[in-house]
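The values are calculated or read from the model by the stated rules, or taken from the named source; none is laboratory data. Remember, it's a predicted structure, so these values are computed and weren't measured experimentally. Every residue, glycine among them, receives a Cβ derived from its backbone with ideal geometry; neighbour counts consider all protein chains shown.
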Amino acid sequence: MRIKSYKARDATEAMEMIRNDMGSSALIIQTKRIRQGGVFGMLGHEAVEVVAAADDAKTMRRAGSAQARAAESGPENTTFKHLHDRLLQQGVLPGLARGLVEETLCRYPSSPFAMQFPDFGGRLAATPAAADMVQALGAAIAKTVRLERSYKPKQGPKIVALVGPTGVGKTTTIAKLATIAAMRHKLPTGLVTIDTYRIGAVDQLKTYSEMLGAPLAVVHKPEQMPQVLESFCDKAVVFVDTIGRSPKDRDRVSELKPYFKYLPGAETHLLVSASSKDDDATLTARSFSALPLSRLAFSKVDESTSFGSIYNLAAQTQIPLSYLTVGQEVPDDIEVTTPGRIAELLLDESTVEPGASDNNNWIG
Ligand SMILES: Nc1nc2c(ncn2[C@@H]2O[C@H](COP(=O)(O)OP(=O)(O)OP(=O)(O)O)[C@@H](O)[C@H]2O)c(=O)[nH]1
Ligand SMILES: [Mg+2]
């Protein structure tokens, strides 16, 4: 077996060099991001180093092994192509997928497993290669999305508001978070709703308020907000539910603005359905950016079979990620979003299991 290292500007150029030099039967062993040129490793430009191996073609053909047959279709038909195809199939935008694959392969360890690419078919086999791949993709995702720890204010209650399109799951998500806060963390909790528009909206939260022993305040006008917050000054956390608005109706989204004037420092989560099309998710983020958004959460992950839109919106907007909701069950069907979880969803959609979340660390 001949092993050789190639340095190029990007993975595509390296693949081209390998194919020209070693032929189409070469196998990729390791991909690494490096800096070329410059002084003491500084001021150079980013490049990739790819280590490839080639067996004697005749020996491989004689052996007639499956590996030889697979390898004959060329280096593109290896890890790079499999992962790239998988991300595109999951709806990751082509412009984002390429960088993500390159970054992932830089981190995919050069272990004996590195050549056995995880078998995708919507479900990852429980192999060391699959675990390595989830970890490497998670690390690549972490470089391109933002995550911020939840904070506790020095004084007064922490205020958590949820905004988003109609029916996306805002009230249910508030019920989940409030239940975790009040029941699991035993925090004095307050509930506020400004949704006096939809019939039944107040009753929906009132049920949880009674169950949790957490008072509910109904705010009809923005000017009532300071008085309500004052009455909740002994609470550790106050959740604010808002009226669902169509992202296409920017004027109506903007009608929520005056309420947020009275909620400085609130942690405002934009909730987007995980099954939204990219264009719709982008429009939602754009319309709701009229409000002081500080977090991005995704709902109904259990109803979706592709998760590229989660990554696309997080990478494009750079709004820090917060939660994923994975079912209707209160409070169990909510998770804290992590890059590793996004990687897992992108590689294996079968991992969404309502009720199986570790949601104990929702508050920092
Ligand atoms: N499958 C699934 N359903 C969910 C999830 N979150 C909420 N729902 C359901 O979605 C429906 C709407 O939920 P709500 O919480 O009322 O949505 P909303 O955003 O408050 O709706 P509006 O206040 O009318 O804008 C309900 O049937 C919820 O049970 C989830 O993560 N998965
Ligand atoms: Mg609601």
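Miscellaneous remarks
- Residues (more than 10 Å from ligand 1 (Cβ to nearest atom) and farther than 22 Å from residue 142 by Cβ) located in segment 296-339: 305, 331, 332
- Search result, residues across segment 181-192 that are away from ligand 1 (no atom under 15 Å from the Cβ) and either buried (at least 19 other Cβ atoms within 10 Å of the Cβ) or at pLDDT below 95 (or both): 181, 182, 183, 184, 185, 186, 187, 189, 190
- Which numbered condition residue 216 misses (of (1) crowded, with 19+ Cβ neighbours inside 10 Å; (2) within 12 Å of ligand 2 (Cβ to nearest atom)): (2)
- Flag if residue 202 is of a type in the set (Val, Ile, Thr), within 16 Å of ligand 1 (Cβ to nearest atom) and without any contact (Cβ under 8 Å) to a residue 24 or more places away in the chain: yes
- For the residues 325, 284, 305, 337, the requirement of being away from ligand 2 (no atom under 16 Å from the Cβ) and buried (at least 21 other Cβ atoms within 10 Å of the Cβ) singles out 337.
- Odd one out for residue 144 among (1) touching a Ser or Thr at 6+ places or on another chain (Cβ under 8 Å); (2) crowded, with 16+ Cβ neighbours inside 10 Å; (3) within 29 Å of residue 283 (Cβ to Cβ); (4) not hydrophobic (A, V, I, L, M, F, W, C): (1)
- Against the list (1) more than 24 Å from residue 288 (Cβ to Cβ); (2) more than 13 Å from ligand 2 (Cβ to nearest atom), the condition residue 252 fails is (1).
- Segment 133-150, residues that are within 12 Å of the chain's Cα centre (by Cα) and not in a helix (DSSP H, G or I): 145, 146, 147
- Single unsatisfied condition, residue 235 versus (1) assigned to a helix (DSSP H, G or I); (2) more than 16 Å from ligand 2 (Cβ to nearest atom); (3) of a type in the set (D, E, K, R); (4) touching a strand residue (DSSP E or B) at 6+ places or on another chain (Cβ under 9 Å): (1)
- Selected residue (only one of 303, 267 is charged (D, E, K, R) and under 17 Å from residue 341 (Cα atoms)): 303
- Of all residues in segment 155-180 being more than 9 Å from ligand 1 (Cβ to nearest atom) and of a type in the set (S, T, N, Q), the one that is nearest to the chain's Cα centre (by Cα): 179
- Filtered residues of segment 279-307 (kept if assigned to a helix (DSSP H, G or I) and in contact (Cβ under 8 Å) with a residue 12 or more places away in the chain): 280, 281, 282, 283, 284, 285, 286, 287, 288, 301, 302, 303
- Among the residues making up segment 176-201, those that are assigned to a helix (DSSP H, G or I) and more than 10 Å from ligand 2 (Cβ to nearest atom) are 176, 177, 178, 179, 180, 181, 182, 183, 184.
- Candidates 241, 195, filtered to the one that is in the same structural domain as residue 168 (by TED's automatic domain parsing) and at pLDDT below 95: 195
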